Amino acid sequence: MIEHAVFNNDGSGLEEKLNALKAIDQELPVVVIVMNVVKSYVEYMSPRGCRELDVTLEALREMGARYYDTFFNPHDVADYLPKIINMLDAPVEANMTVTFFQQVRTTASRDWTWHLGSTRVFMRDAKGMPTHVITCAIPIDPLHHVTSKVNRLLEENNFLRRNQHIFASLTRREKEILRLLALGLSAIEIAEQAGISEKTAVTHRRNIKAKIGAQSSYDLTSFAQAFDLI
């Protein structure tokens, strides 16, 4: 196993570790990527990864931070980037590893493919600050049952992210009424259970549907389920 190492500003130590990776990367069943997190560019990618992305290492380095926008789904990045930042901020002794799902594509004209990635700090400077991270990524068979589950989770996360501000804008009473609506109760039943008039229950239903953009009872139920009201 390749351990963390401190290197000087002249780069001593990094080349030695990269050479160790190059000596074995052809034997590994994963794509290996070493990112320079100080300058935001790909320091190294194993030949398998370059072939799958149909790009040279030199081109990747020239991309700089555009590497992320070019090959990765931004919705996924929003989920795992905070975890990686937390890993970079953690003390050396924490020795953290972040594992995540991410969607990758070689060009804008091709479909996204799911990969499982695992990242940890690869190099630190003389002060112990992270300068490079190493990621091992492996594609997930699109026919594997995990892929469909990951897709559903991603859709749920995206829905929550898009609608969190709407949910937060609902009053406590509106959330209560939304829960009852999602359970299939009529205006009369909601009025009885909530201790309000039928007219008020109807008004709440109209306002809630307008706020969350619901067109049907299914939309109401889906929204309530996403935010764990039922």
Exercise for review: Look at Val38 and say whether it is more than 19 Å from Ile140 (Cα to Cα), aliphatic (A, V, I, L, M), assigned to a loop (DSSP other than H, G, I, E, B) and modelled with pLDDT of 90 or more.
Suggested key: yes
Check your understanding: So which residues in region 176-230 are among the β-branched types (Val, Ile, Thr), open to solvent by 40 Å² or more (accessible area, probe 1.4 Å) and free of Cβ contacts under 8 Å to residues at least 12 places away in the same chain?
Key -> Thr200, Thr203
Revision key, fill the gap. Filtering region 89-103 for residues that are surrounded by fewer than 14 Cβ atoms within 10 Å (Cβ to Cβ) and not in a loop (DSSP other than H, G, I, E, B) leaves a count of 6
Review point. Does region 11-33 contain at least one residue that is under 14 Å from Arg120 (Cβ atoms), touching a strand residue (DSSP E or B) at 6+ places or on another chain (Cβ under 8 Å) and modelled with pLDDT of 95 or more?
Key: yes
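For every residue, the table says whether it meets (1) exposed (fewer than 12 other Cβ atoms within 10 Å of the Cβ); (2) within 17 Å of Pro130 (Cβ to Cβ).
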{"site": "Leu28", "(1), (2)": "no, no"}
{"site": "Glu52", "(1), (2)": "no, no"}
{"site": "Ala59", "(1), (2)": "no, no"}
{"site": "Pro74", "(1), (2)": "yes, no"}
{"site": "Met87", "(1), (2)": "no, yes"}
{"site": "Arg105", "(1), (2)": "no, no"}
Review point. Out of the residues in region 104-133 that are at pLDDT below 85 and polar (S, T, N, Q), which is nearest to His75 (Cα to Cα)?
Key: Thr113
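The values are calculated or read from the model by the stated rules, or taken from the named source; none is laboratory data. Just so it is clear, the structure is predicted and the values come from calculations on it, not from any experiment. Cβ atoms come from the backbone with ideal geometry, glycine included; neighbour counts cover every protein chain shown. Calculation scope for accessible area: heavy atoms of the full protein, side chains included, ligands and nucleic acids excluded. Shrake-Rupley method; radii C 1.70, N 1.55, O 1.52, S 1.80 Å.
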